[in-house]
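Trainee: Questions regarding the structure given below will be posed in turn.
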Amino acid sequence: MNYPGTLRNMALTAIGTILILSACGGESDGLSDFERVHGVGPITETIELSELDMEKAQRGEQIFNTQCVACHQLDATITGPRLRNTFNNRTPEFILNYILNPEGMKEKHPVAQELARDYRGNMVSVGTTEQEALELLEYMRAASEGEFR
Ligand code: HEC
């Protein structure tokens, strides 16, 4: 038997195992690939966005002004983060899941857990329906394109 060769193979196997373990390490959060990107909640499939719909966005603005404005503004951080550019930084599905399931997001998702550490406030569900969440998303989308100044 060629001992140096065997040792070399053992060493390579060990290195390979370490590489595989470390590659998996960042993903041992119990989330599916979808959830890691798009958040945890009722939205479990990617959605198709159509053309920006300003009427829908305006309905979203009204909902924002009743359900969200206590903690959020577009251009200033108050209790919660400012939301002008959130549409550019997250996926639509992530935003919808955050609105519809803030408690579950903070329980399971590392991004939400980081936000919870960064902000003193605590977002709780205010009973937003999926329809309302889609209108809020349109509002945030329009805001990210410079509307609602
Ligand atoms: C009681 C205060 C409060 C209310 C009401 C509230 N939020 Fe929040 N929101 C927060 C806080 C604080 C965070 C960050 C930490 C956390 O989730 O607790 C947050 C985080 C978010 C995020 C994630 C931002 C990012 O960078 O990914 C979104 C999106 C969001 N809120 C949208 C909304 C919308 C839309 C509403 C209205 C339906 C709303 N929030 C109502 C306090 C609130």
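Any read-out appearing in this document is the output of simple, stated calculations on the displayed coordinates, not a laboratory observation. Quantities reported herein were computed from a predicted structural model and do not represent experimental measurements. Virtual Cβ from ideal backbone geometry, glycine too; neighbours counted across all protein chains shown.
Trainee: If you stretched the chain out fully between Y119 and E45, how much longer would it get, using 0.36 nm times the residue separation minus the C-alpha to C-alpha distance?
Mentor: 23.8 nm
Trainee: Could you list M140, M123 so that the one with the fewest beta carbons within 10 Å of its beta carbon is first and the one with the most is last?
Mentor: M123, M140
Trainee: Along the Cα→Cβ direction, 7 angstrom out, place labels at N65 and R36. What is the inter-label distance in nm?
Mentor: Distance between label points: 4.2 nm.
Trainee: Can you give the local net charge around L52? Use residues other than it whose beta-carbon is closer than 10 angstrom to its beta-carbon, Lys and Arg +1, Asp and Glu -1.
Mentor: -3
Trainee: Shifting gears a bit: Which of L136, L52 has the fewest other C-beta atoms within 10 Å, and how do the rest follow up to the most?
Mentor: Ascending number of Cβ neighbours within 10 Å: L52, L136.
Trainee: Starting from region 65-149, pick out the GluC sites (Glu not before Pro) whose DSSP state is loop and whose Cβ has at most 14 other Cβ atoms within 10 Å.
Mentor: Taking region 65-149 and a limit of 14 other Cβ atoms within 10 Å, the loop GluC sites (Glu not before Pro) found are E145.
Trainee: If I stretch the segment between V126 and E107 completely, what's the gain in nm (0.36 nm per residue apart, minus their alpha carbon distance), one decimal?
Mentor: The V126-E107 span can extend by a further 5.1 nm.
Trainee: Going by C-beta contacts inside 10 Å, put L49, L137 in order with the fewest on the left.
Mentor: Going from least to most buried by this count: L49, L137.
Trainee: State, to one decimal in nm, how far the label point of R149 lies from the label point of R82, with both points 7 Å from Cα in the Cβ direction.
Mentor: With each label placed 7 Å out from Cα toward Cβ, I get 1.4 nm.
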